[in-house]
Amino acid sequence: MRLYYNSVIGSQTKHTRRGAVLVIVMICLLLISLVMASLLKSTLMQRRQMLKEQLQVQADWLVESALERAAQQRLTNPEYQGEVWKIDPEELGTRYTASAEIILKPEGDADRKLSIQARVQYPEGQTLTITRTKKIIL
C-alpha cells in the first residue's frame, strides 16, 4: 500500500512541474510578443515621421522654385500675372505630382513694388499633402 501511495504522489509532482514549466514558457512568449509588437509600432511611427519630414523639405524647395520661376517669367514677360504650375513626377524625380499657384500683385501705393506669392501642394491628391505658402516683395 505504501508503494502505491508514493508512486501516486510522485506522478502528481511530475505533472504539476510540467504544468508550471508550460505556464512559465507561455508567459515568456507573451512578454516577448509584447516587446516585439512595441518595437514594430515604434519603427512604423518613425518611418511615417521620416516620410512626413521628407515631404516637408520637398515642399519647401518647391515653393522656392515657384518664386524663382515667377521672377524669371516676370523678367521675360512684363504682363505675367501668375499661373498654376503643374509639376510632373518625372520633373521631380519622384512618384508624386505637385502644383504651385503663383500670384503676382502690385504692392503699395506707387505700384513700383511687386508682391509674388507662391502656394505649393505636395504631393498632390494624396492622403498626406503638405502645403507651403511663401510671399516676397520685389
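Details
- Intensity falloff of the range 2-137 expressed as log10 I(q)/I(0), Debye formula with alpha-carbon point scatterers, at q = 0.13, 0.15, 0.21 Å⁻¹: -0.72, -0.83, -1.16
- Summed side-chain charge close to K41 - residues other than K41 whose Cβ falls under 12 Å, Lys, Arg +1, Asp, Glu -1: +2
- Within the range 49-96, the trypsin sites (Lys or Arg not before Pro) that combine a DSSP coil assignment with at most 16 other C-beta atoms in a 10 angstrom radius are R95.
- Packing-based order for 96-107, 53-64, using average beta carbon neighbours within 10 Å, highest first: 96-107, 53-64
- Computed extension gain for T131 through L34, at 0.36 nm per residue and net of the alpha carbon distance, reaches 31.2 nm.
- Using alpha-carbon coordinates, inclination of helix 2-76 to the longest axis of the chain, degrees: 0
- Pair Q54, S115: separation of 7 Å Cα→Cβ label points (nm): 3.7
No value in this document is a laboratory result; all are computed from the given coordinates. Please read all numbers here as calculations on a predicted model, not as lab measurements. Cβ sites come from the backbone with ideal geometry, for glycine too, and all protein chains shown count toward neighbours.
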